[in-house]
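In what follows, a single structure is set out as structure tokens and then discussed.
Bear in mind that the values in this text are calculations on the coordinates, not laboratory data. On a predicted model such as this, the values are computed, not experimentally measured, just so you know. As a convention, Cβ positions derive from the backbone with ideal geometry for all residues, glycine included, and neighbour counts pool all protein chains shown.
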Amino acid sequence: MKISIIGTGYVGLVTGLSLANLGHQVSCVDIDKNKVSQINSGTPPFFEPGVAEMLTKIIKQKKLLATDNLEKSVKDSEIVIVAVGTPTTNNKIDLSIIKKASEQIGNALEESSDYKVITVKSTVLPGTTAEIIKPTLEKYSKKTAGKDFGLCMNPEFLREGNALEDAMNPDRIVIGQLDEKSGQEFAKIYSKLSSPKIFTNLWTAELIKYTSNSLFATLISFANEISRIAEAIGKVDVLDVWKGVHLDKRLNPIVEGKRINPAFLSYLLSGCGFGGSCFPKDIQALATFASEHNTDASLIKSVININDTQPGRVVSHLQKALVNLKGKKIAVLGLAFKPETDDTRESPALPIVKQLTLEGAEVVGHDPMAKVADIIQVDTIKEALGDADAAVVVTSWKEYRDLTPDIFKQYMKQPILIDARRIYDKRVFSKAGITYKGIGLA
Ligand code: UGA
């Protein structure tokens, strides 16, 4: 099928590649001319494992072409997928970009005589597709949704770092449909995939996305609340608590004599909090949406509050270990919000560095991939640790997980280590002479 994708961020480009890989003819639209020529020359505008290789392959097959001509791309397509950003500004979802895109799509629809399905893939709050995007498309096309063109909402569940794999092998395909014809026509793009398809109304599809992200964020904040209780007790290591909880058969079933270790358990671990371009903005938007609908989302608000204050707990551990942070050199290992990405949006590393700097510490950052403009960064772990008074591990990169106590002892002024992701074996590190502290450990 001929598919037009509006927006070439993570979701747009990765979706485009996975659909092109299924054999569709994909046109990726972006207003940024640089991004368009970058993509057409085979260079992804962001780092994501496997994307560069897949882009090179797909471009060679001529299955994907980027363009800044939205009108032509929409006119030439049977399916139009909207994957532009929906940032959160002043705690509220900002729909200005998606509204503008809807106007332009509407204009292009006015001059098209064939039936096309417009599908919203961007994360939008319940009601947005039916109550904001639909009237915009109708106004600018002078046509009727459900009659002249179809309308769907198809949330995306891909994770950064696993984006391509998630998009190519979706665990479920949620299709919110304005009417049955819209859903059936749109579902054809996924006909080669055996993933279960859930057909719902537009509002439900939108809420499924927010519920999914809020659930995982809630697990993380719950795990962090328990870490605070463990720290307060003083005789508990929260890691042991999670070991004891995770082995519940209801959480980690035994199949054919073996534990299946479901991925969701990795969200039920204590650390320095969640970040990224999705969880923080989505749950904030949902909390505001709930209160606008006279619903006090008190659990979600607490999830946000715990997450906002968790980086401060890491700084407290450093303060406790060093007494005074002024003039102390602190190595911050990891700036990305999670491993396998160069994305630092809402990374807990940012408030940690900011607070340390305010306390007068000399912060030296390191990350295998991420760069942050106003943080002093060095290229090697050894340089970061060199002469440091303390080190804190913020991102669980493999490079850090593989470190042994020797390197901390060899390069640091004093081997004080705050493990904010609990990636090291406490016993091994303590025995080797490291002053080992961490989240969930008094
Ligand atoms: C998240 C969701 O997981 C995706 O399903 C969703 O499509 C995406 O948001 C989105 O809305 O676009 P992402 O932000 O890429 O994806 O990353 P995750 O891997 O879920 O990580 C989010 C946060 O959870 C990070 O801060 C990370 O450190 C934390 N996390 C992640 C864990 O605590 N444990 C893990 O095993 C994985």
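Among Ala361, Ala230, Ala373, the largest mean-square fluctuation in a Gaussian network model of the chain (Cα springs under 10 Å) belongs to Ala373.
Solvent-free Debye calculation, one equal scatterer per alpha-carbon of the stretch 239-343: log10 I(q)/I(0) at 0.10, 0.14, 0.22 Å⁻¹ equals -0.48, -0.85, -1.19.
Bridge orientation summary for the stretch 252-386: considering DSSP beta bridges with both residues in this region, about 25 percent are antiparallel.
Translational diffusion coefficient of the stretch 312-442 (Stokes-Einstein, Kirkwood radius from Cα pairs, 10 °C, 1.306 mPa s): 111 µm²/s. Between 0 and 90 degrees, the angle of helix 51-60 with respect to the longest Cα principal axis of the chain falls at about 30 degrees. Compared with the alpha-carbon gap, the fully stretched path from Thr309 to Asp240 is longer by 22.5 nm at 0.36 nm per residue.
FRET efficiency for the pair Ile31 and Glu362, taken as 1/(1 + (r/R0)^6) with r the Cβ-Cβ distance and R0 = 41 Å, rounds to 0.50.
Here the contact order of the stretch 4-122, divided by its residue count and restricted to Cα pairs under 8 Å and six or more residues apart, works out to 30 percent.
Taking the chain as a Gaussian network of alpha-carbon nodes connected by springs under 10 Å, the highest mean-square fluctuation of the residues Pro311, Pro405, Pro339 belongs to Pro405.
When only Cα pairs below 8 angstrom with a gap of at least 6 residues are kept, the chain shows a relative contact order of 12 percent. Rounded, prolate or oblate: which one fits the stretch 184-307, using the alpha carbon gyration tensor with axes a ≥ b ≥ c (rounded when a/c is under 1.5, else prolate when a/b beats b/c, else oblate)? Oblate is the answer for the stretch 184-307, as a/c is 1.5 or above yet b/c matches or exceeds a/b. If you count the DSSP beta bridges with both ends in the chain, what percent of them are antiparallel, to the nearest 5? Bridges in the chain are about 15 percent antiparallel. By the beta-carbon count within 10 Å of each Cβ, the least crowded to most crowded order of Leu403, Leu64, Leu299, fewest first, is Leu299, Leu403, Leu64. The fraction of all Cα pairs in the stretch 92-159 landing in successive 10 Å bins from 0 to the largest distance is 21, 55, 21, 3, given as whole percents. Taking 7 Å steps out from each Cα toward its Cβ at Glu53 and Lys249 produces label points 4.1 nm apart.
Ellipsoid semi-axes for the stretch 26-142, based on the Cα gyration tensor and the rule √(5λ), read 26, 19, 11 Å when sorted largest first. Taking the C-alpha atoms only, the angle from helix 298-322 to the longest principal axis of the chain is near 30 degrees.
Spin-label model, Thr43 to Asp114: label points 7 Å out along the Cα-to-beta-carbon direction sit 3.4 nm apart.
Please label the shape of the stretch 221-275 as rounded, prolate or oblate, based on the square roots a ≥ b ≥ c of the eigenvalues of the alpha-carbon gyration tensor (a/c under 1.5 means rounded; beyond that, a/b larger than b/c means prolate, else oblate). In terms of gyration-tensor shape, oblate.
Dividing the summed -39500 (n - 2.57) terms of all DSSP H runs of n ≥ 4 by the residue count of the chain sets its mean residue ellipticity at 222 nm at -12500 deg cm²/dmol.
A Förster radius of 30 Å, combined with the Cβ-Cβ distance separating Ser298 from Lys143, puts the computed FRET efficiency at roughly 0.10. The simple spin-label model puts a point 7 Å past each Cα toward its Cβ; for Ser316 and Ile233 those points are separated by 1.7 nm. Using the alpha-carbon atoms, what tilt in degrees (0 to 90, nearest 10) does helix 279-292 show relative to the longest principal axis of the chain? The two axes meet at around 70 degrees. Placing +1 on each Lys and Arg Cβ and -1 on each Asp and Glu Cβ, with no other charges, gives the stretch 223-322 a dipole about its Cα centre of roughly 320 debye. For the chain, dividing the convex hull volume of the Cα atoms by the residue count gives 158 Å³ per residue. By the count of neighbouring beta-carbon atoms within 10 Å, fewest first, Arg228, Arg421, Arg427 end up ordered Arg427, Arg228, Arg421.
Using alpha carbon centroids, what distance separates the stretch 210-237 and the stretch 389-442, in Å? Distance between centres, Cα-based: 21 Å.
May I ask which residue of Ala388, His293, Gly7 lies farthest towards the positive end of the charge dipole of the chain, with charges of +1 (Lys, Arg) and -1 (Asp, Glu) on Cβ and the Cα centre as origin? Comparing the listed Cα positions along the dipole, Ala388 ranks first.
Looking at the stretch 339-442, the DSSP beta bridges with both ends there are about 10 percent antiparallel.
Distance from the C-alpha centroid of the stretch 1-43 to that of the stretch 170-199: 20 Å, rounded to the whole angstrom. Extension gain, Asp406-Ile376: 0.36 nm per intervening residue step, less the Cα-Cα distance, totals 8.4 nm. Once the chain from Asn261 to Lys181 is taken as fully extended at 0.36 nm per residue, the excess over their C-alpha distance is 24.8 nm.
Note on Lys72/Val428: beta-carbon distance plugged into 1/(1 + (r/R0)^6) with R0 of 45 Å gives a FRET efficiency of 0.15.
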